[in-house]
Amino acid sequence: MNSFYKKHIFFCTNQRKDKNKRSCGGEEVNYLRSYMKEKIKASGIKGIRVNTAGCLNRCKKGPLMVIYPEGIWLKVTNKQDIDLIIEEYIKENKLSKKLLISN
Ligand code: FES
C-alpha cells in the first residue's frame, strides 16, 4: 500500500452534549492534540498528519486515537502518552502495549 502520509493520526475530539454519555472530547483532549501537533512539527519529522475526528464509535475505550496505515488504536490521557507515541511509534515504528486498545 502506498499511503500519502507516513502516519495519519485521527484524534477523537468528539464531545457529546449529553454529559451522561461517554465521549472523548474536551479541553484536555484538545490540548493533547495541539501538544502532539506542535511536538511533531518541532521534531522536524515529515509525513505525519494529525487530524481531529468525530466519534469513532469506541467511546467507552476513549479518549483515543487511531493511526493509519497500520490501523492501531491507542488510548491517550496525558502528555506522557503522547511523548511515548512519538518517541516509540512515530520515530522508531515500535510501540509498547501500554497504550494499545484491544479489538
Ligand atoms: S466520542 Fe470518541 S470514540 Fe466516540
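Values in this text are rule-based calculations from the coordinates and carry no lab data. Remember, predicted model here, so these are calculated numbers, not experimental data. Here the Cβ is made from the backbone with ideal geometry for all residues, glycine too, and neighbour counts use every protein chain on show.
Summary table
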{"quantity": "Test: residue in the stretch 45-65 that is surrounded by 14 or more Cβ atoms within 10 Å (Cβ to Cβ), in contact (Cβ under 8 Å) with a residue 40 or more places away in the chain and of a type in the set (Gly, Ala, Ser)", "calculated": "yes"}
{"quantity": "Identity of the residue in the stretch 13-40, under 17 Å from LYS75 (Cβ atoms) and assigned to a helix (DSSP H, G or I), that ends up nearest to the ligand (Cβ to nearest atom)", "calculated": "VAL29"}
{"quantity": "Single condition TYR68 does not satisfy, out of (1) surrounded by 13 or more Cβ atoms within 10 Å (Cβ to Cβ); (2) more than 15 Å from the chain's Cα centre (by Cα)", "calculated": "(2)"}
{"quantity": "Residue within the stretch 56-73 that is within 15 Å of the ligand (Cβ to nearest atom) and touching a Ser or Thr at 6+ places or on another chain (Cβ under 6 Å) present", "calculated": "yes"}
{"quantity": "Any hit, the stretch 81-100, residues being surrounded by fewer than 17 Cβ atoms within 10 Å (Cβ to Cβ) and within 15 Å of the ligand (Cβ to nearest atom)", "calculated": "no"}
